[in-house]
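Bear in mind that the values in this text are calculations on the coordinates, not laboratory data. What you see is a predicted model; the values in this text were computed from it and never measured. Every residue, glycine as well, gets a Cβ built from its backbone with ideal geometry; the counts of neighbours run over all protein chains shown.
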Amino acid sequence: ARHGFIAETLLRSAITKGAIAPDRVQIFKQSFRTILGKMTVDMQAVYREQLATDIFMERYGHLRPGTYDILSLCYKDREDLFDGFIDLSNNEKTELPYFELSKQEEKQINQLLHENKILAIDAQGLLAYARQAIVGREYAKFIFTKNLSEVLEKLAQWGTFFNLGRDDLSYLSLPAILNTAIYPFLDDAEYQFAEQVEKGQQFVSLSNAVKLSYLIRGIKDIYIVPLHRAAPNFITSQKIEGIIILLKSDSTSATPLYGKIVCIENADPGFDWIFTKGIKGLITQYGGTNSHMAIRCAELGLPAAIGCGEQTFAQIIKTGLVELNCRDKMLRASHGTIH
């Protein structure tokens, strides 16, 4: 993961220094495919009956919208995953775009590396490293989510022994669950867990009622909470306009998304099914320049505003129509500019 961040930082630095244009870096990122880029291709293959559903689920069935959310069903448990098929064969690129540095770009990047005393690698090596780091980071995250999904499913199974549903489990802390293996309840475990669930519900209710700043420097920051406005990370240099639609972790795959600008809170791998629906653009509340959705949108050349922040996102989802201007780094709602 760190190598992925380093690679992205070096590429952005090369852009800032004028060694390579942003559009050229976008083409570079579209010239290779990540593991979840392969998933969208496989999903279309299932739609067309060119790939067995069982094989698809064996590869990707552990993914879920909301990687850490026990309430969110994984792909293999979603009966609606392949509903609302959109044939994107006319829009699909059968071959990845070829990318090669121009002589001028290679010269400028080499000069930039030399000026910063990075002598162990040249321009070609830098791009090879960036490609491997970005693809490797996505694959590592993919494997991690497989293990994490298995843990969540085992917890759900464990809960049935104590009459605890997924909703109940979502209010229990992991230490509280693990401690029962060391200090088991002496009597009426169901009652004891029910008490802990109730306390968890009260804690969540209290947390939702209290609004705190991202940074607490003193007592005044508790009484007066400053609103921090996040600057979105715009992907591509395209300018689009479209109807927005808000998706949550429990949204069904049958939701009509074709030609719409999708809004989701988290830049989460479990939402990758949206890329098989012919969406026009993407807006997320959370996520940075190195987040999963930023990488996926760059890979697909899809206009996106990643990590708008709570305030901007709340305004966006109230609008029916939005202009996503990545070139000028602007989101414009029907009633005026938001960013």
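Miscellaneous remarks
- Antiparallel %, DSSP beta bridges [both residues in the chain], to 5: 60
- Taking the Cα centre of the chain as origin and assigning +1 to Lys and Arg Cβ atoms and -1 to Asp and Glu Cβ atoms, the resulting dipole is close to 1580 debye.
- In sequence order, calculated HN-Hα J values of the stretch 175-183 (Karplus, 6.51, -1.76, 1.60; Hz; x Gly/Pro): x, 5, 6, 5, 5, 5, 6, 9, 10
- Backbone geometry of the stretch 6-15 corresponds, through the Karplus equation with coefficients 6.51, -1.76 and 1.60 at θ = phi - 60°, to 3J(HN,Hα) couplings of 4, 4, 5, 5, 5, 5, 5, 5, 4, 5 Hz, x marking Gly and Pro.
- Under 26 Å of direct C-alpha separation, and excluding same-chain neighbours fewer than eight residues apart, LYS220 reaches these lysines: LYS211.
- Highest-fluctuation residue, SER207, SER237, SER251 considered, GNM on the chain with Cα pairs under 10 Å: SER207
- Cα gyration tensor shape for the stretch 233-337, rounded if a/c is under 1.5, else prolate or oblate: rounded
- Where chymotrypsin sites (Phe, Trp or Tyr not before Pro) fall in DSSP loop in the stretch 253-292, at most 16 other Cβ within 10 Å: TYR258
- Partners for LYS154 among aspartates and glutamates (Cα-Cα distance below 16 Å; same-chain residues under 8 apart left out): ASP69, ASP77, ASP167, ASP168
- Exceeding the 20 Å Cα-Cα cut-off - candidates LYS17/LYS117; LYS146/LYS280; LYS76/LYS146; LYS277/LYS318: LYS146/LYS280; LYS277/LYS318
- Calculated FRET value between ILE143 and ILE219, using beta carbons and R₀ = 35 Å, to 0.05: 0.20
- Highest-fluctuation residue, ALA176, ALA123, ALA45 considered, GNM on the chain with Cα pairs under 10 Å: ALA176
- Among ASP77, ASP42, ASP268, the largest mean-square fluctuation in a Gaussian network model of the chain, built with springs joining Cα atoms closer than 10 Å, belongs to ASP77.
- Taking 0.36 nm per residue of separation and subtracting the Cα-Cα distance, full extension of the segment from ALA176 to GLN104 would add 19.9 nm.
- Where chymotrypsin sites (Phe, Trp or Tyr not before Pro) fall in DSSP loop in the stretch 55-143, at most 10 other Cβ within 10 Å: TYR98
- In straight-distance terms, cross-link reach from LYS329 covers every one of the aspartates and glutamates whose alpha-carbon lies under 20 Å from its own, apart from those fewer than eight places away in the same chain; here that gives GLU8, ASP23, GLU241, GLU265, GLU299, GLU310.
- Rounded, prolate or oblate (a/c below 1.5 giving rounded, otherwise prolate when a/b exceeds b/c) for the stretch 1-96 by Cα gyration tensor: oblate
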